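The values are calculated or read from the model by the stated rules, or taken from the named source; none is laboratory data. Remember, predicted model here, so these are calculated numbers, not experimental data. For neighbour counting, all protein chains shown are included, and Cβ atoms are generated from backbone atoms with ideal geometry for every residue, glycine included. To get the accessible areas, we keep the full protein, side chains included, count just its heavy atoms, and leave off ligands, DNA and RNA. Shrake-Rupley method; radii C 1.70, N 1.55, O 1.52, S 1.80 Å.
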Amino acid sequence: MTDYLVLVYATYLVTTIVLCTWLARTLFRNGAVFLRDVLPDRPDLADAVNHLLVTGFAMLNLGYGFFLLKGGRAADGTTAFEVLANKLGILLVSLAVVHFANL
């Protein structure tokens with residue numbers, strides 16, 4: 001019997017890192033517009049706050065994503081896919097909740 005959990009872990013880690021990086025860059029790029037509008041006389045402060053927000057976002061979400069890494073058993077491909085989909089689903093919903101709460 002082959003244990004597919006290592007493949008699930010590897011796929012989950014790569015996907016988590018790619019998703020968090022993509023989201024952080026998107027939020028950084030689009031958040032800068034709002035911060036410059038809020039702080040029009042202090043563009044340096046707006047940029048600093050934007051960098052701090054992205055750093056906090058990355059630390060929180062990557063940390064949470066790695067926290068979710070612990071899994072059960074995946075003895076076949078179907079179960080492995082279900083474990084992966086469940087983990088990514090929890091991660092994406094969590095990222096969305098944090099993002100919308102932050103807005």
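Calculated [222 nm] ellipticity per residue, helices only, for the chain: -29500 deg cm²/dmol; basis is -39500 (n - 2.57) per DSSP H run with n ≥ 4, divided by all residues, nearest 500. Sorted on the mean count of surrounding Cβ atoms within 10 Å across their residues, most packed first, peptides 12-20, 32-40 read 12-20, 32-40. Relative contact order of the chain, taken over Cα pairs closer than 8 Å and 6 or more residues apart, is 43 percent. The residues of the chain present an accessible area of 68 Å² per residue when probed at 1.4 Å with all protein chains retained. Rounded if a/c is under 1.5, else prolate if a/b beats b/c, else oblate: with a ≥ b ≥ c from the C-alpha gyration tensor eigenvalues square-rooted, which is segment 36-79? Because a/c hits 1.5 or more and a/b exceeds b/c, segment 36-79 counts as prolate. Of Val38, Thr26, Thr15, whose Cα points farthest to the positive end of the dipole of segment 7-53 (charges on the beta-carbon: +1 Lys, Arg; -1 Asp, Glu; origin at the Cα centre)? Of Val38, Thr26, Thr15, it is Thr15. Here the chain has 71 percent of its accessible surface on carbon and sulfur atoms, given a 1.4 Å probe and all protein chains in place. Phi angles across segment 51-58 convert, under the Karplus curve 6.51 cos²θ - 1.76 cosθ + 1.60 with θ = phi - 60°, into 3J(HN,Hα) values of 5, 5, 5, 5, 4, x, 4, 5 Hz, Gly and Pro given as x.
What you get for the chain, charging only the Cβ of Lys and Arg (+1) and of Asp and Glu (-1), is a dipole of about 60 debye around the Cα centre.
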